[in-house]
Amino acid sequence: MGQKLHLVLGGRVKDPRGIEFENLEQVDLVGVYPDFDSAENAWRSAAQRTVDDAEMKYVIVHLHRLLEPHLADHEKIADAE
């Protein structure tokens, strides 16, 4: 199985209930991480810095699911068992 890469990014969103960023040139690319736990720690740290600003949002993107979608389907099956 390939690496389980995760991207953490964030920025000001048009609507706090969504993830459409106002200005893609100002998106904060926090980093790429080799596992979910590392990504989650980075996400928590970034999100905590902007906790008082409802229009700032940070997310974790499962890059491995985008790069190898056939493996993502296999993960879902394995998780269900």
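The values are calculated or read from the model by the stated rules, or taken from the named source; none is laboratory data. A quick note: this is a predicted structure, and the numbers were derived from the prediction, not measured. Cβ: placed from backbone, ideal geometry, glycine included. Neighbour counts: every protein chain shown. Just so you know, the surface numbers come from the protein's heavy atoms only, side chains and all, with ligands and any DNA or RNA stripped out. Shrake-Rupley method; radii C 1.70, N 1.55, O 1.52, S 1.80 Å.
In this structure, does Ser45 turn out to be open to solvent by 50 Å² or more (accessible area, probe 1.4 Å) and either within 13 Å of Gly10 (Cα to Cα) or in a helix (DSSP H, G or I) (or both)?
Working: open to solvent by 50 Å² or more (accessible area, probe 1.4 Å): yes; either within 13 Å of Gly10 (Cα to Cα) or in a helix (DSSP H, G or I) (or both): yes.
So Ser45 fits the description; yes.
How many residues are closer than 17 Å to Arg65 by Cβ, among the hydrophobic types (A, V, I, L, M, F, W, C) and either under 10 Å from the mean Cα position of the chain (by Cα) or assigned to a helix (DSSP H, G or I) (or both) when one looks only at region 14-42?
So the first thing to find is which residues in region 14-42 are closer than 17 Å to Arg65 by Cβ, and the list is 19, 32-40.
Imposing the further condition that a residue be among the hydrophobic types (A, V, I, L, M, F, W, C) reduces the set to 19, 32, 36, 39.
Then keep just the ones that are either under 10 Å from the mean Cα position of the chain (by Cα) or assigned to a helix (DSSP H, G or I) (or both); that gives 32, 36, 39.
The qualifying residues number 3.
Tell me, please, whether a residue that is loosely packed, with under 14 Cβ neighbours inside 10 Å and over 28 Å from Gln3 (Cα atoms) can be found in region 60-67. It would help to see each step written out before you state the result.
Quick first cut of region 60-67, residues loosely packed, with under 14 Cβ neighbours inside 10 Å only: 66-67.
From what is left, the residues that are over 28 Å from Gln3 (Cα atoms) are none.
So far as region 60-67 goes, no, none of its residues is loosely packed, with under 14 Cβ neighbours inside 10 Å and over 28 Å from Gln3 (Cα atoms).
List pairs: first residue in region 30-44 and within 14 Å of Tyr58 (Cα to Cα) and touching a residue at least 12 places away in the same chain (Cβ under 8 Å), second residue open to solvent by 80 Å² or more (accessible area, probe 1.4 Å) and of a type in the set (S, T, N, Q) anywhere in the structure, Cβ distance under 9 angstrom, at least six positions apart or on different chains.
Nothing qualifies.
Considering only region 1-13, how many residues are outside any strand (DSSP E or B) and modelled with pLDDT of 95 or more?
Filtering region 1-13 for residues outside any strand (DSSP E or B) gives 1-5.
Cutting the leftovers down to modelled with pLDDT of 95 or more gives us none.
Total meeting the criteria: 0.
Contact list please: Cβ distance under 6 Å, first residue in region 12-24 and within 21 Å of Arg49 (Cβ to Cβ) and touching a residue at least 24 places away in the same chain (Cβ under 8 Å), second residue loosely packed, with under 15 Cβ neighbours inside 10 Å and small (Gly, Ala, Ser), pairs at least six apart or on different chains.
The qualifying pairs are Pro16/Ala54.
Go through region 18-42 residue by residue and tally those that are under 14 Å from His6 (Cα atoms) and buried (at least 16 other Cβ atoms within 10 Å of the Cβ).
Applying the first criterion (under 14 Å from His6 (Cα atoms)) to region 18-42 yields 29-42.
Those still in the list that are buried (at least 16 other Cβ atoms within 10 Å of the Cβ) too: 30, 32-33, 39, 42.
Selection size over region 18-42: 5.
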